[in-house]
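Q: Here's a structure for you.
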Amino acid sequence: ASMASSLHNLLNKIIKTGSLTVRGSGGEQRYGGGGGRTVTIRFTDEAAERELVNDPQLKLGELYMEGRLLVEQGDIYDLLALVKDNTLAQGLSFGMIWRGIARIIVSQFRNRVPINHNRRNVAHHYDLDEKLFSLFLDEDWQYSCAYFNPPGISLDEAQLAKKRHIVAKLLAEPGQKALEIGSGWGGMAMYLAESSGVDVTGITLSTEQLKISRERAAKRGLANSVRFELQDYYYLPADKSYDRIVSVGMFEHVGRLNYRKFFNKVNDVLADDGVMLLHSIGQPYPAIINNPWIEKYIFPGGYIPSIAEVMPAVEKAGLLVSDIEILPMHYAYTLRHWRQRFMANKEKAAAIYDERFVRMWEFYLAGSEMAFTHEKFFIFQMQIVKKRTAVPDNRNYIYEREAELKAFEQRRVPLDKIAV
């Protein structure tokens, strides 16, 4: 059959609203009754059409990266969203029927084997050339969800609002000791130290992030109050205790088999009247299967928890949850900003890597955005204590503290652009 007739049958079944035009070995075919998104794609070779049908969840991203599937009208986000609009409306689960069974067995097995590949997995993603991150992140290199409050603010303002919101929930006091688990490029640790007079230790598994964080802290004269270590949370000495612990966008790499280990360690190192703030991506129910493309190319070993999977580990560690806030759409906005900035700089990205990398990164940002627009993914901020008296019994303090932090931001020495 020309234009793999199985692909034709598949698209016929899926695309009901909107319109998808496919150019390939069978000439041009149109799917859908219009009325939604309009997307045109082209396959460069017949084998690509077959590969897509055999394994859509992995091959869609691979074919796009390889330049064998081109989006000629709209962009890759529009294509993904068009498919998802339709599969959601019809209750179909795209790609689960094929190759799904074998993969579920493998991923279930992998999620149960607690080998610590953390260092290797982190390096795979975060030790990319720093110049790449300068192409799309805000001035403080916050590689996690921003907080668009009030709506419509810029990415820089929203990342600042995120730090302010988290630090407000930490209720840190001058002279306290804080730990940041997964310290990124150091922006959160520096903000916490400067705004609250706290001594901060940040731990990371990325040598690149460590180097940049140390340079930035030294430049801001924070060498005495902020330090960064190449350290796995699991090996933190239990005899050291911290008044405050913050972790932003790191829990997604812990892996569900290690939640008990993670919160037991938090229990070991959190002071009796201490406060922790955990900021993580969540999904509405436990995943049967990790997205195979994301697993292979972007975050090997990553796992997005549902809150129901996190709570037993928190409770069994003897910790109390004092507050949970859900931020549903903020990561979609953040990812859209990142993708627009990245695509505006795609020539520079291609010069650092190549065209294939650019398409891989675009697919990653678009697919991630879709998880928040179409798959009910969200951010949760979980505040954790040992004693319920460690935090006030109403939320007004958050907004009062944010007002104080805003005043601090006005006086703060501006951040240097990170040298790349």
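Q: Suppose we filter 275, 226, 248 for residues that are closer than 13 Å to residue 181 by Cβ and either of a type in the set (Ser, Thr, Tyr) or touching a helix residue (DSSP H, G or I) at 6+ places or on another chain (Cβ under 8 Å) (or both); which single one remains?
A: 248
Q: Also: Looking at 304, 298, which is the one that is open to solvent by 10 Å² or more (accessible area, probe 1.4 Å), closer than 21 Å to residue 144 by Cα and hydrophobic (A, V, I, L, M, F, W, C)?
A: Result: 304 is the single residue among 304, 298 that is open to solvent by 10 Å² or more (accessible area, probe 1.4 Å), closer than 21 Å to residue 144 by Cα and hydrophobic (A, V, I, L, M, F, W, C).
Residues are listed down the side, and each one gets a yes or a no for (1) within 26 Å of residue 274 (Cα to Cα); (2) over 25 Å from the mean Cα position of the chain (by Cα); (3) open to solvent by less than 10 Å² (accessible area, probe 1.4 Å):
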residue	(1), (2), (3)
174	yes, yes, no
181	yes, no, yes
184	yes, no, no
195	yes, yes, no
201	yes, no, no
208	no, no, no
216	no, no, no
219	no, yes, no
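Q: From the list 224, 290, which residue is open to solvent by 10 Å² or more (accessible area, probe 1.4 Å), over 25 Å from residue 390 (Cβ atoms) and touching a Ser or Thr at 6+ places or on another chain (Cβ under 7 Å)?
A: So the residue among 224, 290 that is open to solvent by 10 Å² or more (accessible area, probe 1.4 Å), over 25 Å from residue 390 (Cβ atoms) and touching a Ser or Thr at 6+ places or on another chain (Cβ under 7 Å) is 290.
Q: Taking only the stretch 392-417 into account, find how many residues are surrounded by 19 or more Cβ atoms within 10 Å (Cβ to Cβ) and either modelled with pLDDT under 95 or over 28 Å from residue 217 (Cβ atoms) (or both).
A: The total comes to 0.
Q: Of the residues 9, 54, only one is closer than 16 Å to residue 86 by Cα and out of contact with any strand residue (DSSP E or B) (no Cβ under 9 Å at 6 or more places or on another chain); which?
A: 9
Q: Could you identify the single residue in 232, 239 that is surrounded by fewer than 23 Cβ atoms within 10 Å (Cβ to Cβ) and either small (Gly, Ala, Ser) or touching a residue at least 24 places away in the same chain (Cβ under 8 Å) (or both)?
A: 232 is the lone residue from the list that is surrounded by fewer than 23 Cβ atoms within 10 Å (Cβ to Cβ) and either small (Gly, Ala, Ser) or touching a residue at least 24 places away in the same chain (Cβ under 8 Å) (or both).
Q: Continuing with the same structure: Determine if the stretch 387-394 includes at least one residue that is touching a residue at least 40 places away in the same chain (Cβ under 8 Å), of a type in the set (A, V, I, L, M, F, W, C), in contact with an Asp or Glu (Cβ under 6 Å, 6 or more places away or on another chain) and within 30 Å of residue 267 (Cβ to Cβ).
A: Yes: one or more hits.
Q: Condition check: charged (D, E, K, R) and in contact with an Asp or Glu (Cβ under 9 Å, 6 or more places away or on another chain). Does residue 339 satisfy that?
A: Yes; evaluated as a whole, the condition is true for this residue.
Q: Moving on. When you go through (1) in contact (Cβ under 8 Å) with a residue 40 or more places away in the chain; (2) under 18 Å from residue 368 (Cα atoms); (3) of a type in the set (A, V, I, L, M) one by one for residue 317, which number turns out not to apply?
A: Every condition holds for residue 317 apart from (2).
A quick yes/no check of all residues on (1) open to solvent by 50 Å² or more (accessible area, probe 1.4 Å); (2) in contact with a Pro (Cβ under 9 Å, 6 or more places away or on another chain):
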| site | (1), (2) |
| --- | --- |
| 325 | no, no |
| 336 | yes, no |
| 363 | no, no |
| 372 | no, yes |
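The values are calculated or read from the model by the stated rules, or taken from the named source; none is laboratory data. Because the structure is predicted, anything quoted here is derived from the model rather than measured. Reconstructed Cβ throughout: ideal geometry from the backbone, glycine too, with neighbour counts over all protein chains shown. SASA here: full protein model, heavy atoms, side chains in, ligands and nucleic acids out. Shrake-Rupley method; radii C 1.70, N 1.55, O 1.52, S 1.80 Å.
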